[in-house]
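Down below is the structure, laid out as C-alpha cells.
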Amino acid sequence: MARVPPPSAAIRNKILAALNQADYQNVFSQLEPVSLAQGQIIYEADSPINYVYFPETAVFSMLSTMEDGRTVEVGPVGPEGLVGLRIFLGAEISLDQVIVHVAGEAMRLRASVLKAAVSAQGAMSDKLVRYTQMLLAMTARSGACNKLHSTEQQFARWLLMMSDYVGEELALTHELIALTLGVRRAGVTEAANGFRSGGVIDYRRGHIQIVDRRGLEVIACECYPVVKKEYDLLFADLSQPSRGQI
C-alpha cells in the first residue's frame, strides 16, 4: 500500500511544503522519513547518488576534499533545500562528500523518483531552480570568505548560520567544526576560547551555547548578513505560486 502523504502542516522542508501534494502524489507517497546521526556520511565524493534528502530538522554539510585529505565546507543544507541537487541538474555522481552536521530528521526519496518529477518542468522544477540560484550565491560567498577572512570571522559566521537552523544551543564538536572550516582543530579551540572569554559563547564538550548573539554578529564578517538575506529571499520566493499555478 502506498504511504499516505503527510498533512501540509507537518511538512517542515520548504521545497516540499511549496508543492501541491495532489500534483505530486507519486513523490509524496514515496517519501521515507529517516533519522540521521551527527557525522553520518550520506555521500562519499565521486559516489553515485541513489537517494536525495529533503532536510527537516537535520543539517547537512557539503565538503570538498583535497588530495591531501583536507576538507572545507562548500555549503550547508537545511530545511530550505535538497541534498543531492546534482540529480536535478542532470548528474548522477556526487562531487563532494556530504555528512550530517546536525543530527535530526529528513525525508528520503529515490533519485529516480525525483528525476521523473522534474521531467515535466512544473512546480518542482521551478522551486529547485530558485534553490539552485540561492545555493550558487551562497557557495560563491563562502569561497570568498574562506580565502579572505580570519578563522574567528568564519567561525562566528558559521555559528550564526547554524543557530538560524537549530537555535542558540548547538550540539557541535571542535573536530567537526574544524573539518567544516578547513582549519586545524587547535585554531577552532583558540577561537572558541576567545569567544568564551569575550562572553559571546559558552561551551562544554560537544555543545556550544550562544550567549550574546549581537556580540557574535559584530565579530562575524559581512558575509553573514549577505548570505542571510539570500536565505530570506529564498523563503519568500518558495511561498509564491509557481508558473502555471493559480
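What to note about this one:
- Flag: SER47 does not match the condition of being hydroxyl-bearing (Ser, Thr, Tyr), over 17 Å from PHE88 (Cα atoms) and either surrounded by fewer than 22 Cβ atoms within 10 Å (Cβ to Cβ) or in contact with a helix residue (DSSP H, G or I) (Cβ under 7 Å, 6 or more places away or on another chain) (or both).
- Counting the residues of the stretch 60-101 that are within 16 Å of PRO33 (Cα to Cα), in contact with a helix residue (DSSP H, G or I) (Cβ under 7 Å, 6 or more places away or on another chain) and of a type in the set (A, V, I, L, M, F, W, C) gives 1.
- Here GLU67 meets the list (1) in contact (Cβ under 8 Å) with a residue 12 or more places away in the chain; (2) surrounded by fewer than 17 Cβ atoms within 10 Å (Cβ to Cβ); (3) acidic (Asp, Glu) almost entirely, failing just condition (1).
- The requirement of being modelled with pLDDT of 90 or more and of a type in the set (Ser, Thr, Tyr) is satisfied by SER94.
- Test: residue in the stretch 141-150 that is in a loop (DSSP other than H, G, I, E, B), buried (at least 17 other Cβ atoms within 10 Å of the Cβ) and among the hydrophobic types (A, V, I, L, M, F, W, C): no
- Residues that are over 18 Å from SER125 (Cα atoms) and part of a loop (DSSP other than H, G, I, E, B) within the stretch 64-89 comprise MET66, GLU67, ASP68, GLY69, ARG70, GLY78, listed in sequence order.
- Top-ranked residue of the stretch 215-233 - restricted to ones that are aliphatic (A, V, I, L, M) and surrounded by 18 or more Cβ atoms within 10 Å (Cβ to Cβ), ranked as farthest from PHE195 (Cα to Cα): VAL227
- Residue satisfying all of: in the stretch 90-140; more than 16 Å from the chain's Cα centre (by Cα) and part of a strand (DSSP E or B); farthest from ILE11 (Cα to Cα) among these: ILE93
- Per the listing GLU67, GLU56, the residue uniquely among the acidic types (Asp, Glu) and touching a strand residue (DSSP E or B) at 6+ places or on another chain (Cβ under 8 Å) is GLU56.
- Within the stretch 215-224, at least one residue is of a type in the set (Gly, Ala, Ser), out of contact with any Ser or Thr (no Cβ under 6 Å at 6 or more places or on another chain) and in contact (Cβ under 8 Å) with a residue 60 or more places away in the chain.
- Some residue of the stretch 107-121 being closer than 24 Å to ASP232 by Cβ and either in contact with an Asp or Glu (Cβ under 6 Å, 6 or more places away or on another chain) or surrounded by 21 or more Cβ atoms within 10 Å (Cβ to Cβ) (or both): yes
- Of all residues in the stretch 79-135, those being of a type in the set (Val, Ile, Thr), outside the structural domain of LEU16 (by TED's automatic domain parsing) and closer than 29 Å to LEU172 by Cα number 1.
The values are calculated or read from the model by the stated rules, or taken from the named source; none is laboratory data. Model, not experiment: these values are computed from the prediction. Note: ideal-geometry Cβ built from the backbone for every residue, glycine included; neighbour counts use all protein chains shown.
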